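S.K.: What follows is a single structure, and I will ask about it in a moment.
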Amino acid sequence: MEMIRKLSALLNLGLAISMLALPAEANICDGNEAFTLLLHGGLLDYEEEVEPRHRALFRQLLESGRERLAKGGSALDVVVESIAAMEDSGILNAGKGSIVNSAGFTETDASLMDGRNGRSGAVAAMQRLKNPILASRLVMERTKHVLFAGATGEQTLADLGAELVEDPASYFQEYVPPPKGEPSKTEHGTVGAVALDRCGNLAAGTSTGGWPHKMPGRVGDTPIIGASTYADQRYALSTTGVGESFIKRAASRDIAMRAEYLNTPLKRATDYVVKELIGKQDGAGGAIIAIGKDGEIVVSSNSYGVLYGWVTQSGDIVLGTREP
Ligand code: ASP
């Protein structure tokens, strides 16, 4: 039995390595001129401007995203690359910069959705994944499932080629909680990206270390497709905020369906869910970034704001914290 398990792990590893060795998606989109990349770096706890290190990171990601999309790169690739870079930056609450739970260790969540066909992948409560968004892509592309969780899920994904960190205590920035009263090193939250490529395809992804002081094993909205990440052929969305409320509201899919069924502008549907339902009715802080196939760009927050940045085919980069 053990032999069979090892053989199948080796086989899976071979498949995963051959996949990782492939260049990013081969399809080149040159059907239209229009493209959009919109990123977020989490809900703000107080009113502030974009600080220099986040400004520098977002600029760099939007510049490289602009180049990739202008050359016909796919929305899915650009979403994954942008989020992986934010995970590696260590200055946001995702990947390396993930905060710790109430027991003092890191558990990460992430998800990814391809608007072309609804294919999705997600990971939850992972303690050793280096890049939860890359693991989400493995789930999407190499398994028949959507969501893997916990230690056994992590092992399955490691067998498929997902990179694990050797020593979580030293890799994750905030493995040791800051002393009482001292600020955390990761000031901003969750990261997300939504993109529209020149083929007219949309994709969305989100990644986080979760909500401060969460209990061990708690999973938020970030890995739940339709609560946080959602993309279809018209809209792509990613959330940040108190995940419990986004899960109960199936928030991101609710927004997309309101916009579609009620034939209402994306901004209006997003504001209603973020401000009226999540903000006023649930009393929960939250923000959503969303884009539409026709070029709509929406940032909606019921709190102090959200760190965001976008670029389109016009080439201009816009960065901000308050709603545009
Ligand atoms: N939504 C995330 C969660 O509940 C946290 C965040 O966005 O800051 O885990």
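The values are calculated or read from the model by the stated rules, or taken from the named source; none is laboratory data. Please read all numbers here as calculations on a predicted model, not as lab measurements. We place every Cβ from the backbone using ideal geometry, glycine too, and count neighbours over all the protein chains shown. All accessible areas refer to the heavy atoms of the entire protein, side chains included, with ligands and DNA or RNA removed. Shrake-Rupley method; radii C 1.70, N 1.55, O 1.52, S 1.80 Å.
S.K.: Counting only other residues whose beta carbon sits under 14 Å from that of residue 301, what net charge do I get with K and R as +1, D and E as -1?
M.R.: Working: positive: 267, 275, 280, 322; negative: 45, 47, 48, 271, 276, 323.
Result for the neighbourhood of residue 301: -2.
S.K.: Rank by packing, highest mean first: peptides 262-273, 313-324, with packing defined as the count of other Cβ atoms within 10 Å averaged across residues.
M.R.: Numbers: 262-273: 17.7, 313-324: 14.0.
In descending order of packing, they fall as 262-273, 313-324.
S.K.: Using a 1.4 angstrom probe with every protein chain in place, what is the largest-first accessible-area order of 211, 310? Walk me through the numbers on the way to the answer.
M.R.: Numbers: 211 100, 310 45 Å².
Sorted by accessible area, descending: 211, 310.
S.K.: Something else about it: Tell me, what is the per residue accessible area of region 39-130 in Å², probe radius 1.4 Å? Don't skip to the end; give the middle numbers.
M.R.: On the way: 2940 Å² over 92 residues.
For region 39-130, the per-residue accessible area is 32 Å².
S.K.: Could you compute the net charge surrounding residue 164? Neighbours are other residues with a C-beta less than 11 Å from the C-beta of residue 164; K and R count +1, D and E count -1.
M.R.: Details: positive: 128, 130; negative: 154, 159, 163, 166, 167.
Neighbour charge sum, excluding residue 164 itself: -3.
S.K.: Another question, then. Could you pull out every residue, at least 5 positions away or on a different chain, whose amide H is within less than 5 Å of the one on residue 228? Hs are placed 1.01 Å off N in the peptide plane, and Pro or chain starts have none.
M.R.: Correct list: 252.
S.K.: Still on this structure, I have one more. Could you work out what % of the accessible surface of the chain is carbon and sulfur, using a 1.4 angstrom probe and leaving DNA, RNA and ligands out of the count? Intermediate results must be reported in sequence, preceding the final value.
M.R.: Working: 7610 of 13800 Å².
For the chain, the apolar C and S fraction of the accessible surface comes to 55 percent.
S.K.: What number, in percent, do you get for the relative contact order of the chain if the mean sequence gap of Cα pairs under 8 Å and at least 6 apart is divided by its residue count?
M.R.: On the way: 840 pairs, mean separation 77.1, N = 324.
Relative contact order for the chain comes out at 24 percent.
S.K.: Give me the accessible area per residue for region 273-324, probe 1.4 Å, as a whole number in Å².
M.R.: Ligands and nucleic acids excluded, the result is 39 Å² per residue.
S.K.: While we're on this one: Take the alpha-carbon positions of region 217-312, form their convex hull, and give its projected area averaged over all directions (one quarter of the hull surface) in nm².
M.R.: Working: hull surface 24.4 nm².
Reported value for the Cα convex hull: 6.1 nm².
S.K.: Using a basic spin-label model with each label point 7 Å from the Cα along Cα→Cβ, how many nm lie between residue 143 and residue 55?
M.R.: Modelled inter-label distance: 4.2 nm.
S.K.: Within the set 144/275; 96/144; 248/293, which residue pairs have Cα atoms separated by over 32 Å?
M.R.: On the way: 144/275 36 Å; 96/144 28 Å; 248/293 27 Å.
Among 144/275; 96/144; 248/293, the Cα-Cα distance tops 32 Å for 144/275.
S.K.: Sticking with this structure for a sec: How high is the FRET efficiency between residue 88 and residue 32 when r is their beta carbon distance and R₀ equals 25 Å, given to the nearest 0.05?
M.R.: Numbers: r = 31 Å, r/R0 = 1.24.
For R0 = 25 Å, the calculated efficiency reads 0.20.
S.K.: Region 53-75 to region 76-100: how many Å between their Cα centroids?
M.R.: 14 Å
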